[in-house]
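The values are calculated or read from the model by the stated rules, or taken from the named source; none is laboratory data. Worth saying up front: this structure is predicted, and the values here are computed from it rather than measured. Methodologically, a virtual Cβ is constructed for each residue, glycine included, from the backbone with ideal geometry; neighbour enumeration extends over all protein chains shown.
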Amino acid sequence: MGFVARVIVNAVMVYLAARIVPGIALGDGPVWPALLAGLVLALVNAVVRPVLQLLTMPLTILTLGLFVFVLNAFCLWLTSVIVPGFVVHGFRAAFLGALLISVVSWALTVFVSDGGRLGRL
């Protein structure tokens, strides 16, 4: 249930990022590309991102953790390469979109466990 919640939240945030951030666009009928992008982004964050974090750990430590934002932008761009109908134009759009998506994903991680249960404050 937690994975499904993350996919749905990612899809909603991809849709909102496409509406708010210039340079991010969804193709025909924004529902299906957004859902597919949410699924692919969740899979990229679960599989590719940990490997990238491990490989770039010295750079992340050197930048006091700020390089994680660049990794998030890369994961969003990689999602746009995989998903037809979801386009990210340039680093600035990827960075701003990833920043928006990661803030909400962080909040989701705080309040929803991996089992899908809402946590208490």
Residue pairs, Cβ under 7 Å, 6 or more apart or interchain, first in the range 83-104 and β-branched (Val, Ile, Thr), second surrounded by 14 or more Cβ atoms within 10 Å (Cβ to Cβ) and not in a helix (DSSP H, G or I). List them. Val87/Ala25; Val88/Gly23; Val88/Ile24
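Let's see how each residue does on (1) farther than 14 Å from Val21 by Cα; (2) touching a helix residue (DSSP H, G or I) at 6+ places or on another chain (Cβ under 7 Å):
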{"residue": "Trp77", "(1), (2)": "no, yes"}
{"residue": "Gly85", "(1), (2)": "yes, yes"}
{"residue": "Gly90", "(1), (2)": "no, no"}
{"residue": "Leu100", "(1), (2)": "no, yes"}
{"residue": "Val103", "(1), (2)": "yes, no"}
{"residue": "Thr109", "(1), (2)": "yes, no"}
Selection from the range 23-82 of residues at pLDDT 90 or above and part of a loop (DSSP other than H, G, I, E, B) yields Gly23, Thr56, Thr63, Leu64, Gly65, Leu66
If you check every pair at least six apart or on different chains, which have Cβ atoms under 8 Å apart with a residue in the range 48-70 that is without any contact (Cβ under 8 Å) to a residue 24 or more places away in the chain first and a residue that is assigned to a helix (DSSP H, G or I) and of a type in the set (Phe, Trp, Tyr) second? Leu52/Phe74; Thr56/Phe67; Leu59/Phe67; Thr60/Phe67
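Taking the residues in the range 110-121 that are loosely packed, with under 15 Cβ neighbours inside 10 Å and closer than 18 Å to Leu43 by Cα as candidates, determine which candidate is modelled with the highest pLDDT. Before the answer, list the steps.
Step one: of the range 110-121, the residues loosely packed, with under 15 Cβ neighbours inside 10 Å are 110-111, 113-121.
With closer than 18 Å to Leu43 by Cα added as a condition, the list becomes 113-116.
Values: Ser113: 59, Asp114: 56, Gly115: 56, Gly116: 52.
Out of the qualifying residues, it is Ser113.
Of all residues in the range 97-109, which are at pLDDT 90 or above and crowded, with 20+ Cβ neighbours inside 10 Å? Quick ask: steps written out before the conclusion?
Narrowing the range 97-109 to residues at pLDDT 90 or above: 97-100.
The answer is Gly97, Ala98.
Does Ala73 fit the bill of being surrounded by 14 or more Cβ atoms within 10 Å (Cβ to Cβ) and either under 15 Å from the mean Cα position of the chain (by Cα) or hydroxyl-bearing (Ser, Thr, Tyr) (or both)? So that I can check it myself, show each step before the final result.
Values: surrounded by 14 or more Cβ atoms within 10 Å (Cβ to Cβ): yes; either under 15 Å from the mean Cα position of the chain (by Cα) or hydroxyl-bearing (Ser, Thr, Tyr) (or both): yes.
When the stated conditions are applied, Ala73 passes them.
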